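Novice: Sending over a structure as structure tokens; questions will come in a sec.
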Amino acid sequence: MSAPRCPQCAQPCASPRLLPCLHSLCEPCLRRLGPPEGPPGAARPVLCPVCDAELSLPAGGVGQLPPDCLAGSRGRAAAGCDLCADGAAAGRCLTCGLRLCRFCCRAHRRQKKTASHAVTELENTKDCSQAGKPLLCPSHPTEELQLFCEQCDQPVCRDCVLGRHRQHPCDFTGNVIHRHGDALRELLKNSQQHMDTLEDVLSQVDEMGSAVRSRAEAVATEICLFARGYVKAIEEHRDRLLKQLEDLKVQKENLLHLQKAQLQQLLLDMRTGVEFTEHLLMSGSDVEILITKGVVSSRLTKLNSVAYSTHPSVDDRIQFSPHERAGQCCGYEVFGAILNKVVDPARCTLHGEDLHSARQNQLSGFTLLCKDTTGERMGRGGEAVRVTIAHKDKRDCAVKPTVCDNGDGTYCISYNPEEPGLYAVCVYVKGQHVQGSPFTLMVKHKFREHQGVFHCCTFCSSGGQKAARCACGGTMPGGYQGCGHGHKGHPGCHHWSCCGQVKESSECLCGPPSDTSQRSLLRTVAL
């Protein structure tokens, strides 16, 4: 196995460090990475030379990046024998820590002084890593990293536990590796699921691109067939339609290409993280996994939180209407247009007298006028219109409206509220609020049924005031009507209406002016 090389300088890695994107560079290349400007102690934004990801180096500098232990283990696996320096290392003495070729391994076991030493063979990459020289504490170079501080989330040595980690919960790496390894495996499983989803979405994007191209070719054929019946003016009109179609196709394909590039980059980042994590869990030692798990967990968590659409960003809705008027071409009126009007919810408007007020238990409604991005009327129906009407004070009180598509770009929304009060009305087109939505609707009480006695109010008793009150106390907004009895002693006898109702009695209750007993029934009071 050859020693790993730095992807930046292509030289054997010298003290490789791991970036947040899980790519590793040698320490000299890392020190030359990115602009040196910036206040001391501040994080520096840099670009990874491998994946072009924007990263931030720690405030403490390159030395604060975690070492790439796997790269180091690959280098150790590629090293030669420590005794003869001729053969490749095939084993290691666990007693004296020497790397040995196969010949020296046999000699080590035969010599009297070393016959009792334990020699292990390096059969695979993980064995190479575990059988390599022990990882030493950066703060105490003579001590091996054998413990793990749960509070600081990092491997430590015995001296560290006796020093600044004295009060921290610590345990041997072999006792905690299963729990932390399981957490990494769960993140790895989630990342693999995202990879499967991304591959499916990319497949759908490719299929949609083919559908757009196929549909564009079909529409181009329709346009050509329609244009053959015309002379020069129609041929020019055809060319103009084809140009519009090509622009539309290019626009849709560009959006699909952009979405595809973004999804591919996310998939590449996911694959890099998954491959690195798989290699870490398969080939890394317990200490190596614990050293690297922080940056790996951070990277996978960040990638798993990236939002992406699981559907193509455009559809293949491209239609040709041969009966659509297309204006003048070379002095001739031509027909035929590409229908690609897209409704703009922000330009759609609401109209109607019952837009902001309605009456309890009374059918009301308003009209939605759909417009495109240029503010022109759509002229056709079929849009996804949704309306909600909810009571502001009563959580479980809502009105179920009815939406009627008129087929000309207008939609009639009717509703019948059962409870009075303030309602919040939301009108959505394609899931977005239209202009003026949401708005407040006031539902008033219905006219109250008259529960008292209807009295005759004459001009002699009320002075002809239309704002008089009935004896029952109800308001009389409906005005008054002549009873038609034609009293001679009064200027006229009128029946007042309570709550919008007018009732006529067969006999006037006020009587002649001299009849004070009957006149006493007049109990109307001026407001």
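Novice: Provide, for q = 0.12, 0.19, 0.20, 0.22 Å⁻¹, the log10 of I(q)/I(0) from a solvent-free Debye sum over equal Cα point scatterers in region 175-305.
Specialist: Taken in order of the listed q values, log10 I(q)/I(0) reads -0.62, -0.99, -1.04, -1.15.
Novice: Residues with amide H under 5 Å of A326's amide H, sequence separation 5 or more or different chain, H placed in the peptide plane at 1.01 Å from N; which?
Specialist: V334, F335, G336
Novice: Return the long-range amide H neighbours of S285 (sequence gap of 5 or more, or a different chain), with a cut-off of under 5 Å between placed amide H atoms.
Specialist: Long-range HN contacts for S285: none found.
Novice: Net charge around L242, counting only other residues with Cβ within less than 12 Å of its Cβ (Lys, Arg = +1; Asp, Glu = -1)? Walk me through the numbers on the way to the answer.
Specialist: Working: positive: R238, R240, K243, K249; negative: E217, E222, E235, E236, D239, E246, D247.
Summing Lys/Arg as +1 and Asp/Glu as -1 gives -3.
Novice: A further question follows. Whose amide H sits under 5 Å from the amide H of V46, counting only residues 5 or more places off or on another chain, with H placed in the peptide plane?
Specialist: Hits under the 5 Å cutoff: L55, S56, L57.
Novice: So what are the ³J(HN,Hα) numbers for region 353-370, from phi and the Karplus equation (6.51, -1.76, 1.60; θ = phi - 60°), rounded to whole Hz, Gly and Pro as x?
Specialist: Coupling constants for region 353-370: 6, 9, 6, 10, 9, 8, 10, 4, 6, 10, 5, 10, x, 8, 10, 9, 10, 8 Hz.
Novice: Would you give the gap between the C-alpha center of region 134-180 and the C-alpha center of region 320-345, rounded to a whole Å?
Specialist: 75 Å
Novice: Can you give the charge dipole size of region 342-444 about its Cα centre, rounded to the nearest 20 debye, using +1 on the beta carbon of Lys and Arg and -1 on the beta carbon of Asp and Glu?
Specialist: Numbers: 12 positive and 12 negative charges, 37 e Å.
Computed charge dipole of region 342-444: roughly 180 debye.
Novice: Around C51, what is the net charge, scoring Lys/Arg as +1 and Asp/Glu as -1 over all other residues with Cβ under 13 Å from its Cβ? Intermediate values should be presented prior to the final figure.
Specialist: On the way: positive: R271, R299; negative: D52, E54, D269, E275.
That sum, taken over residues with Cβ under 13 Å, equals -2.
Novice: How much accessible area per residue does region 198-350 have, in Å², with a 1.4 Å probe?
Specialist: Details: 7880 Å² over 153 residues.
In whole numbers, region 198-350 has 52 Å² accessible per residue.
Novice: Same structure again: Considering only protein heavy atoms and a 1.4 Å probe, what is the carbon-and-sulfur percentage of the accessible area of region 342-444?
Specialist: On the way: 2540 of 5430 Å².
Using a 1.4 Å probe with all protein chains present, region 342-444 comes out at 47 percent carbon and sulfur.
Novice: Let me ask another. Rg/Rh for region 342-444: what does it come to with C-alpha atoms and Rh from Kirkwood?
Specialist: Working: Rg = 13.4 Å, Rh = 13.7 Å.
So for region 342-444, dividing Rg by the Kirkwood Rh gives 0.98.
Novice: Step through the residues of region 137-147 one at a time and calculate ³J(HN,Hα) from phi using the Karplus curve (6.51 cos²θ - 1.76 cosθ + 1.60, θ = phi - 60°), rounding each to whole Hz and writing x for Gly and Pro.
Specialist: Rounded to whole hertz, the list is 6, x, 7, 10, x, 8, 9, 8, 6, 10, 10.
Novice: Another question about this same structure. Return the sequence-ordered ³J(HN,Hα) values of region 401-415 in whole Hz as given by the Karplus equation 6.51 cos²θ - 1.76 cosθ + 1.60 applied to θ = phi - 60°, using x for Gly and Pro.
Specialist: In residue order, the calculated couplings are x, 10, 10, 10, 7, 7, x, 10, x, 10, 9, 8, 10, 10, 7 Hz.
Novice: With r defined as the distance between the Cβ atoms of H311 and L248 and R0 fixed at 25 Å, what FRET efficiency is calculated, to the nearest 0.05? The partial results should precede the final answer.
Specialist: Working: r = 20 Å, r/R0 = 0.78.
FRET efficiency, H311 to L248: 0.80.
The values are calculated or read from the model by the stated rules, or taken from the named source; none is laboratory data. Bear in mind that the values here come from a model prediction, so they are computed numbers and not experimental data. Neighbour counts run over all protein chains shown; Cβ positions are idealised from the backbone, glycine included. Each accessible area value is taken on the protein alone, full model and side chains, heavy atoms only, with ligands, DNA and RNA left out. Shrake-Rupley method; radii C 1.70, N 1.55, O 1.52, S 1.80 Å.
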